[in-house]
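Okay, so here's the structure we're looking at.
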Amino acid sequence: MTSFSPGSGRRVAPRSQLSSDAPRRDLSGTWRFHFATRPDLAPADACRVDFDDSGWDEIPVPSHWVLQGRPEWGRPIYTNIDYPFPVDPPFVPDENPTGDYRVEFTVDDAFLTGGARAHLRFGGVESLCIATMNGTPVGVVRGSRLAQELDVTDELVVGSNVLHLRVHQWSSNTYLEDQDQWWLPGVFREVELLSRPGAGIDDVWLRADFDPETGHGTLVPEIRAGAEAFPVTVAVEELGVSTTFATPSQVAPVPMGEVEPWSADVPRLYEAVVSNAAETITVRTGFRRVEVVGHEWRVNGVKLRLRGVNRHEYHPDLGRVFDREAAREGLLLMKRHNINAIRTAHYPPHPELLALADELGFWVIDECDYETHGFEAGGWVDNPSDDPRWRETLLDRVERFFERDKNHPCVVAWSLGNEAHTGANTAAMAAWLHRRDPGRPVHYEPDFDGRYSDVVSRMYASPEELRFLSEGLGNNKLGAPGRAAALAERPMILCEYAHAMGNGSAQLDVYEELFDTLPQWHGGFVWEWRDHGLRTHTDDGREFFAYGGDFGEEIHDGNFVTDGMVLSDGTPSPMLAEFAAVCSPIKLVVDDLGLVIENRRHDGDTSDLRFVVVDEVAGELVARHEISVDPIWPDGAEDLDIPDPPAGVDGEVWRTARAELAADTDWAPAGHVVAFHQVRISAPPAAGARVAEREADEPTDRDGVLVLGRARLDARTGDLVELGGHPVSGPRLELWRPPTDNDRLGTSSAFVTTDRNTNNLVDHGGPTHADGWRAAGLDRLQRRVLAVEVGEDSIRVRHRYAAAAGRDAVVVELLWRSIEGELVLAADAQPTRGWPGGWPRIGLHLVLPPGVEDVEWFGTGPNENYPDSRRAAVVGRFLSRVPDLTIDYARPQESGHRGDLRWLELPGIGLRIAADEVAGARPGFTLRRHDVREVTAADHPHELPEPTATHLYLDAAQRGIGTLLSDPDVRPEHELRPRAAQWSLRFSAAPERA
Ligand code: GAL
């Protein structure tokens, strides 16, 4: 357990994951299992063939033992950076959970005939496994997410066999596997028994080159087999090519003639067959050429444009056990959202994932199973990347990872790992890869100076830093002085950006623009694809998705494990729609006269798309035009005339152009929107004019209740008590929002800097945004009534809001009138001078009765949107159920804001609220079953109390949601400084519905 070794015993040289017709037994199924809290409590003789395991439990293989609903077998632990035990390499605690696994299986003689050898192949065991076959130790397997084969020929017998595995949760290799994810022990990928025919083909690497000049393909085979395995034939039937090599020395490139290239956009695969007398191997190959030419990283001669995500292996019930259908669904969801690239953060995924990426089309950065982030706090002292004792193991890791995945056309770069700092060992890993595969670049983000990697990679760099890097200017994120100019000669990517934790992240459009315009930049990978909450139940049976701390961990990192664009239950978050809108490779610009269509795909024309323009007046569809256009080639654009928009109509005219799939594809049905653009055509109708001309009703005071048209107000406080016969209260000023994860964790830029040596963000302990708002008392404003004045045709109310101990205040004036059945509110908020910092919102809060089910609105939608994240929003009419307006983020927080409201109707209480423009702006709205205080107090959605009301917030402004870990997290133009605000609202009866 405590050696620096990469593993031992009958280890076989690493090979590709191959599809062969040689006999193979998948040993997945139900195994016998014994759990011990420490190794010395495990049954001493469990590896003996005649050991009686009938008293043991059962466990599925593959699985994690901590996800079997047996708390006595331990529970999941979540830490991001920290090791869950003392940093004392290579030692691990005595309390090292240990699982003993036993399985009995039979093989027939076909398995071992003709000099065949038997290999036991482990797909993934966390973290160390001692294997014993029929009572004989055969090897120690290390490297949790790496494949390892052991030769068990001498132990395997025809008939019944017993395999025993002893798995330790912690081992010296745990120090190399400190990725930001749950610690989940067990045999979590398949264990297979492979028959390796006597004169079989040990390994095959088919490099499938495409020459963009000639359109020709070449298959460059590398065949690992003994001389006795020859002749070996390489054939691609579809291309009519078959070549036989009589001896190993004859193996040479095979010209394929004209081929269709492979790309993420058009993932054209060919089936290649490599065979000899003993064995037939099938490889799905794709012809493509990957090269780095100056600062361009090209595939098939065209610069790559990565619109990517970081993808962990994750399933809400299974943990890191691979579920093919669920993984495929995930990839289809990516395709539907214009995601074209995956970084396999931070270890090689199940091999089948890469096969799916080949088939569906993704550019993949395949990453080795390597991270040592927990050494950072100690100044990287003893860090494995630079410690010779770990060299052999690290080289073994890179070799095993590369050899398994080398045949996949989707892999366009190899990544050494993540956050393991730098040193002689990472340099040696890169050198090994360069030697073995000169055809694909090496990526390693902590190689900030670009000493041994080929792609300049950064995490969470700000837009300014992207520009600096591109211009070759020095700043502290560029690494050692003097390297900046050299780095600007290379391709650049953000291996992580747009931290998607909770309600966020924003600014995707800012990055997209830079990726499109700065020559060295090739795009980036959002952190991250999906939340990793584990499906759990409360004692009374309510389901929730657990994050760090929910399993009673000693130390943990809370909900940092839920930072994806897809929630744990598979629900896409609004950020995913934003990503799709911003990152579409089809760019549309529509106006009254024309439509410009640009094709920025890597490959493939636009013949799969139809282009539609729709016109809406006041949210009602009035015209739909299908625009005919000849196919546009990649990098091409068309400027088209389109029919005139409707004229002489009353109401706002919005024109939307859409690129839709013309026919069903593997990943989406016909009609799926790939890109859109919306523009407003007409000027708004003059607001307010009608109001001035009409006569207002006179308020009356009935025993302390002011009656004004449809409203009743408390004569003492000026608060509404009833509207249209329904109990209502407010409006009250609201400056607080339930902190988003970014609000809660992000600090103002003054407190975060970048460490010159490590490139990591250093938090100097400054207050977070939410701390600042709390200090200003925004979550506990007290109110004092200044005046309630009943006039001839109006009621004027003035309230003063301020926090305990504070002098800063906001005075809100509410002027109520009732005109022809419409209750009109002109509201004005004026802060005193000197408010510190910023505010998250300036809103009016109305408390409506509980049980308001449905809402219809004319404004932005369909999803929640914020000032710095609204490219997925269009202006239109939308219908929703109230609970569907907000997102159940893993930790409850601000959600549901939709900017630019024109009107909303709540049929349940017969209420319509119209919002007029004031100084060119309209309020946004949030309608939620819980108020900001209830949401703030809850740590999980299931902790929210039974709703007792419906809460409507009408915000004159909200702060942006920003992007966590970037600096600044919210761009200055989307900050909200304390300021005055006005509202012009009209309350009336909602029209009757059929
Ligand atoms: C990065 C790291 C990721 C993840 C992310 C924060 O520094 O590479 O694994 O931890 O931060 O969620």
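Is it the case that some residue within the stretch 623-636 is at pLDDT 95 or above, open to solvent by less than 40 Å² (accessible area, probe 1.4 Å), in a loop (DSSP other than H, G, I, E, B) and touching a Pro at 6+ places or on another chain (Cβ under 8 Å)?
There is no residue in the stretch 623-636 that is at pLDDT 95 or above, open to solvent by less than 40 Å² (accessible area, probe 1.4 Å), in a loop (DSSP other than H, G, I, E, B) and touching a Pro at 6+ places or on another chain (Cβ under 8 Å).
Name the residue that is most open to solvent (accessible area, probe 1.4 Å), counting only residues in the stretch 332-383 that are more than 17 Å from Arg320 (Cα to Cα) and small (Gly, Ala, Ser).
Ala377
Would you pick out the residues in the stretch 273-295 that are open to solvent by 20 Å² or more (accessible area, probe 1.4 Å), part of a strand (DSSP E or B) and not basic (Lys, Arg)?
Selection gives Val273, Ser275, Thr280, Thr282, Glu291, Val292, Val293.
Quick check on my filter: what residues within the stretch 433-464 are within 14 Å of the ligand (Cβ to nearest atom) and not acidic (Asp, Glu)?
Residues satisfying the conditions are His443, Tyr444, Pro446, Phe448, Ser457, Arg458, Met459, Tyr460, Ala461.
If I filter the stretch 957-978 for residues that are within 16 Å of Leu848 (Cβ to Cβ) and either out of contact with any Phe, Trp or Tyr (no Cβ under 6 Å at 6 or more places or on another chain) or in contact (Cβ under 8 Å) with a residue 60 or more places away in the chain (or both), do I get at least one hit?
no
Pairs, please: C-beta under 6 Å, at least 6 apart or cross-chain, first residue under 18 Å from Asp317 (Cβ atoms) and in the stretch 69-81, second part of a helix (DSSP H, G or I)?
Trp73/Trp65; Gly74/Val66; Arg75/Val66; Pro76/Val66; Tyr78/Val561
Can you tell which of Asp88, Asp45 is farther than 30 Å from Thr562 by Cα, part of a loop (DSSP other than H, G, I, E, B) and either touching a helix residue (DSSP H, G or I) at 6+ places or on another chain (Cβ under 8 Å) or open to solvent by 50 Å² or more (accessible area, probe 1.4 Å) (or both)?
Asp45
What pairs can you find where one residue is in the stretch 444-465 and part of a strand (DSSP E or B), the other is away from the ligand (no atom under 12 Å from the Cβ) and open to solvent by 20 Å² or more (accessible area, probe 1.4 Å), and their Cβ atoms are less than 6 Å apart, with a gap of 6+ or different chains?
If the second residue must be away from the ligand (no atom under 12 Å from the Cβ) and open to solvent by 20 Å² or more (accessible area, probe 1.4 Å), the pairs left are Val456/Arg490.
Among the residues of the stretch 741-750, are any within 30 Å of Met334 (Cβ to Cβ), open to solvent by 40 Å² or more (accessible area, probe 1.4 Å) and at pLDDT below 95?
Yes, the stretch 741-750 contains at least one residue that is within 30 Å of Met334 (Cβ to Cβ), open to solvent by 40 Å² or more (accessible area, probe 1.4 Å) and at pLDDT below 95.
Could you tell me which residue of the stretch 400-427 is nearest to the chain's Cα centre (by Cα), considering only residues that are under 23 Å from Phe448 (Cα atoms) and open to solvent by 10 Å² or more (accessible area, probe 1.4 Å)?
The extreme case among them is Glu419.
Exactly one condition in (1) open to solvent by 20 Å² or more (accessible area, probe 1.4 Å); (2) farther than 30 Å from Thr153 by Cβ is false for Gly217; which is it?
(1)
Consider Asp701 against the criteria (1) modelled with pLDDT under 95; (2) not in a strand (DSSP E or B): it satisfies all of them except one. Which criterion is unmet?
(2)
Out of the stretch 364-384, which residues are touching an Asp or Glu at 6+ places or on another chain (Cβ under 8 Å) and small (Gly, Ala, Ser)?
Gly374, Ala377, listed by residue number.
Quickly run through the stretch 48-83 and pick out the residues that are assigned to a loop (DSSP other than H, G, I, E, B), within 16 Å of the ligand (Cβ to nearest atom) and touching a Phe, Trp or Tyr at 6+ places or on another chain (Cβ under 6 Å).
Scanning the stretch 48-83 gives a single hit, Asn80.
Quick check on my filter: what residues within the stretch 143-163 are more than 24 Å from Arg404 (Cα to Cα) and among the polar types (S, T, N, Q)?
Residues satisfying the conditions are Ser160, Asn161.
For every residue, the table says whether it meets (1) surrounded by fewer than 23 Cβ atoms within 10 Å (Cβ to Cβ); (2) assigned to a loop (DSSP other than H, G, I, E, B).
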{"site": "Glu155", "(1), (2)": "yes, yes"}
{"site": "Ser160", "(1), (2)": "yes, no"}
{"site": "Tyr175", "(1), (2)": "no, no"}
{"site": "Arg189", "(1), (2)": "no, yes"}
{"site": "Leu193", "(1), (2)": "yes, no"}
{"site": "Ile201", "(1), (2)": "no, yes"}
{"site": "Ala208", "(1), (2)": "no, no"}
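Please specify each residue of the stretch 92-115 satisfying the condition of being open to solvent by less than 70 Å² (accessible area, probe 1.4 Å), modelled with pLDDT of 95 or more and not in a strand (DSSP E or B).
Within the stretch 92-115, Val92, Pro93, Asn96, Pro97 meet the criteria.
The values are calculated or read from the model by the stated rules, or taken from the named source; none is laboratory data. Everything quoted here is computed from the prediction, not taken from an experiment. Reconstructed Cβ throughout: ideal geometry from the backbone, glycine too, with neighbour counts over all protein chains shown. The protein model used for the area step is the full one, side chains on, heavy atoms only, and it has no ligands, DNA or RNA in it. Shrake-Rupley method; radii C 1.70, N 1.55, O 1.52, S 1.80 Å.
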